[in-house]
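The values are calculated or read from the model by the stated rules, or taken from the named source; none is laboratory data. Computed from a prediction, not measured in an experiment: that's the story for all the values here. Cβ atoms come from the backbone with ideal geometry, glycine included; neighbour counts cover every protein chain shown.
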Amino acid sequence: MAKVAVVTGSGGGLGKGIAQRLAKDGFHIVLNDINQELLDSTLKEFKAEGIQVEGVVGDVSKREDQFQLVSQAAEAFGQLDVFVNNAGLEVVGPFLDIEENQLNKAFSVNVNGVVFGTQAAAEQFIKQKTKGKVINACSIAGHESYEMLAVYSATKHAVRSFTHSSAKELAKHNIRVNAYCPGVADTSMWTRIDEEMIKYNPEMKKGDAFKEFSSGILLGRPQEPEDVANLVSFLASDDADYITGQAIITDGGIVFS
């Protein structure tokens, strides 16, 4: 019986790349995104490629949506094996300009979403009496704290912490919890970060922030979705059964931990 993986925030970007790789690995896929139009487009594309796939619209910051997502995955394919907490959002701006609504929204998606997704997946794994894997989206910003990205960095530090603590508590249930920590990727998220940086530094031009952040990558190029997907593929596989509680950096050589 084919294994089943849920990937949140998989309508596009890194999440879509991860879902595509897991499908290539033989997983049945459950796509999840808050954007119905984007989700439908990716769902159509996956089906055209012959992938066994379902799509579920949902808001990861809502606990009931995460539990409903797992329920629909199990109903569609009979089980759950891997849950990837990929959905997230960025916040760019000076520390002194941080507002309450920015904090609440960022933490509700990036942190609460990971907690609720992990809880929902873990309950399903325990119910099935099978091993399970939760794989969280952390970041190099979960290892370092960057100027103009204070809120985002704080959320990713929290994800790293929850990865550690949940791995310790869930190991007795045969559940592994790990995280992948991407660096600078040429995605729509970094396009938005670049645009926001310009607002606070008039001397910068379009693309300057991206160039600045990616210029120090030892391997000489920005990250591609496949670079992250390769790590997630390994963590989702049986070959990674002896790994838990780790937040693994995949950034081409920026941050060293």
Next on the checklist: So, GLU64, is that one within 25 Å of LYS156 (Cβ to Cβ) and either charged (D, E, K, R) or without any contact (Cβ under 8 Å) to a residue 12 or more places away in the chain (or both) or not?
Outcome noted: yes
Item to check | Filtered residues of the range 96-114 (kept if assigned to a helix (DSSP H, G or I) and surrounded by fewer than 18 Cβ atoms within 10 Å (Cβ to Cβ)) | outcome: LEU96, ASP97, GLU100, ASN101, GLN102, LEU103, ASN104, LYS105, PHE107, SER108
Checklist entry - Quick check: anything in the range 211-221 under 21 Å from the mean Cα position of the chain (by Cα), not assigned by TED's automatic domain parsing to the domain that holds PHE27 and not in a loop (DSSP other than H, G, I, E, B)? => result yes
Next on the checklist: For GLY78, only one of the following conditions fails: (1) within 27 Å of PHE234 (Cα to Cα); (2) surrounded by 17 or more Cβ atoms within 10 Å (Cβ to Cβ). What is its number?
Outcome noted: (2)
Checklist entry - Between a first residue in the range 125-153 that is at pLDDT below 95 and a second residue that is outside any helix (DSSP H, G or I), which pairs have beta carbons less than 6 Å apart while being 6 or more apart in sequence or on different chains? => result MET148/VAL92
Checklist entry - Does SER166 count as touching a helix residue (DSSP H, G or I) at 6+ places or on another chain (Cβ under 8 Å), in a helix (DSSP H, G or I), free of Cβ contacts under 8 Å to residues at least 60 places away in the same chain and at negative phi? => result yes
Checklist entry - What about THR163, is it touching a Cys at 6+ places or on another chain (Cβ under 9 Å), within 21 Å of ALA185 (Cβ to Cβ) and either surrounded by fewer than 19 Cβ atoms within 10 Å (Cβ to Cβ) or not hydrophobic (A, V, I, L, M, F, W, C) (or both)? => result yes
Next on the checklist: Quick check on the range 197-210: of everything there that is under 20 Å from GLY183 (Cβ atoms) and assigned to a helix (DSSP H, G or I), which residue is nearest to the chain's Cα centre (by Cα)?
Outcome noted: PHE210
